[in-house]
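The values are calculated or read from the model by the stated rules, or taken from the named source; none is laboratory data. Note that the structure is a prediction, hence the values are computed from the model and not measured. Cβ placement follows ideal geometry from the backbone for every residue including glycine, while neighbour counts extend to all protein chains displayed. The accessibility values were calculated without ligands, DNA or RNA, using every heavy atom of the protein model including side chains. Shrake-Rupley method; radii C 1.70, N 1.55, O 1.52, S 1.80 Å.
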Amino acid sequence: QVQLVESGGGLVQAGGSLRLSCAASGSISSINTMGWYRQAPGKQRELVAAITSGGSTNYADSVKGRFTISRNNAKNTVYLQMNSLKPEDTAVYYCNVNIRQSSIIVMNYWGKGTLVTVSS
């Protein structure tokens with residue numbers, strides 16, 4: 001059993017910053033890609049940023065240059081540093097972790113989501 005615990009969401013003014021954290025715990029053999037998704041009202045969930053076990057990163061065009069994803073493998077934790085926040089960044093942010101639990105089981109796990117609200 002794997003649990004993801006997210007933190008760092010909140011209310012911030014446009015131009016401000018927030019840092020999201022997501023820590024994985026439980027039955028973990030190894031962690032592959034870790035990422036952050038977000039879902040704004042009336043929209044589909046979209047990939048914001050992802051980072052592989054080797055440290056390669058990928059970002060949505062809308063956040064390039066403003067957000068930075070990183071991970072601490074010793075702590076099984078992924079972070080999302082969000083700078084220069086805009087009202088359009090307002091959404092529920094979800095952590096996603098691809099985990100190998102055994103030699104034959106690989107699964108995606110989702111956090112419960114943390115709300116980020118950017119006011120103008």
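Work out which trypsin sites (Lys or Arg not before Pro) in the chain are exposed loop sites (DSSP not H, G, I, E or B, at most 16 other Cβ within 10 Å) and give the longest gap free of them. Could you put the intermediate results ahead of the total?
Working: sites that count: Lys43, Arg45, Lys64, Arg66, Lys112.
Answer - 67-111.
Leaving out ligands, DNA and RNA but keeping every protein chain, what accessible area does Val97 have, in Å² rounded to the nearest 10, with a 1.4 Å probe?
It works out to around 0 Å².
Measure off, as a whole percent, the carbon and sulfur share of the 1.4 Å-probe accessible area of the chain, all protein chains present.
On the way: 2970 of 6360 Å².
Of the solvent-accessible surface of the chain, carbon and sulfur hold 47 percent.
How much area per residue is accessible in the stretch 1-70 when the probe is 1.4 Å and only protein heavy atoms are counted (Å²)?
On the way: 3780 Å² over 70 residues.
Per-residue accessible area for the stretch 1-70 comes out at 54 Å².
So what are the radius of gyration and Dmax for the Cα set of the chain, in Å?
14.1, 49
Let me check against my output: what whole-number percent is the relative contact order of the chain, with C-alpha pairs under 8 Å and at least 6 apart?
36
Rounded to the nearest 20 Debye, what is the dipole magnitude of the chain about its Cα centre when Lys and Arg each give +1 and Asp and Glu each give -1 at the C-beta?
Details: 11 positive and 5 negative charges, 22 e Å.
Charge dipole of the chain: 100 debye, to the nearest 20.
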